[in-house]
């Protein structure tokens, strides 16, 4: 297995299930509410570790009970937390999610301690001793965390690590075309269709990925929901069909599961199509569970499902 360095937020998710979103100034009753660990960084690190990899996470949290909740699954998965920074002034990042019956999520995020991640505490060997870097683009939005993320990327490039960045709608909305200069040299850029269109200003996938290629971004993985994902390289553009499942209840963390499984597959030496197939399956499995990190499976589970799908496709 591989050694991963993950940069991204570890949060507490407050999930509230409602029949419909309330109008401003009104009151509505929740069907269900729960609190659990989340955040792109925490979820990606947890899934990579559950798949058998050695994972170190770089993040910053507040002190107290919220930090314990945020790290519940990270610690259970044996992710290395030696580089986690604790903040006495700022609380752990939180995300409040209003989830409607169609599984659509409306989110209110508070970055808290995350944006205070101190780059001065990052040593070159922390990154260079790993095989791959996986980063949530939220880490590039601003504050001290942005300095840390840029420094980690620079070290990874010099050390010739394989690099992955998972975009995130909030990061793309915040940075727009400024994000391209930060991610141009990344090996694999992962995003959903909305993020692709927002980043490029285009309204078709083919024109959007062509525009990215013109700016030097040539390996793009586009997550297209129920259709699966699209793999785009200078040599290949191919739709990777989704794993069709019933009983989708919550898509929180599905994109992070995809990113982790895809990165795992690439570092295992699998081709892009198979790695994206692993990502599709991981995202679908996650969506059948409530919560960002509650779905647990092994690398063998993931590969068994992928092989079964490939056998059906080859008939």
Proxy reagent accessibility, fewest Cβ within 10 Å first, across 248, 57, 217: 248, 217, 57
Alpha-carbon gyration tensor eigenvalues x 5, square-rooted, for the chain, Å: 26, 25, 20
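Can you figure out the FRET efficiency of residue 63 with residue 173, using R₀ = 45 Å and their beta-carbon distance, to the nearest 0.05? Display every interim value, and only then the final one.
Values: r = 30 Å, r/R0 = 0.67.
With R0 = 45 Å, the Cβ-Cβ based efficiency is 0.90.
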Coarse-grained scattering of the range 123-164 at q = 0.15, 0.25, 0.28 Å⁻¹, given as base-10 log I(q)/I(0) from a Debye sum over alpha-carbon atoms: -0.31, -0.81, -0.95
Inter-label distance, nm, simple model (7 Å from Cα along the C-beta direction), residue 103/residue 239: 1.9
Alpha-carbon radius of gyration plus Dmax, which is the widest Cα pair, for the range 156-232 in Å: 11.9, 38
Mean Cβ neighbour count within 10 Å, used as a protection proxy, ranking 298-305, 282-289 highest first: 282-289, 298-305
Residue-averaged [θ]222 nm for the chain, counting only DSSP H segments that reach four residues, each worth -39500 (n - 2.57): -11000 deg cm²/dmol
Calculated diffusion of the range 90-146, Stokes-Einstein form, Kirkwood radius summed over Cα pairs, 25 °C and 0.890 mPa s, µm²/s: 178
Highest to lowest packing among 105-113, 264-272, scored as the average C-beta count within 10 Å: 264-272, 105-113
Net length gained if the chain between residue 3 and residue 304 were fully extended (0.36 nm per residue, minus Cα distance): 106.1 nm
The range 36-65 residues near the modelled residue 78 label - backbone nitrogen below 17 Å, point 7 Å along Cα→Cβ: 45-57
Gap separating the Cα centres of the range 76-124 and the range 195-237, nearest whole Å: 28
Rough spin-label spacing in nm, given labels placed 7 Å along Cα→Cβ, for residue 121 and residue 214: 4.3
For 35, 99, order by how many other beta-carbon atoms lie within 10 Å, fewest first: 35, 99
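Throughout, read-outs are computed from the coordinates displayed, never taken from laboratory work. Quick caveat, the model's predicted, so the values are computed rather than measured. FYI the Cβ positions are ideal-geometry reconstructions off the backbone, even for glycines, and counts take in every protein chain you see.
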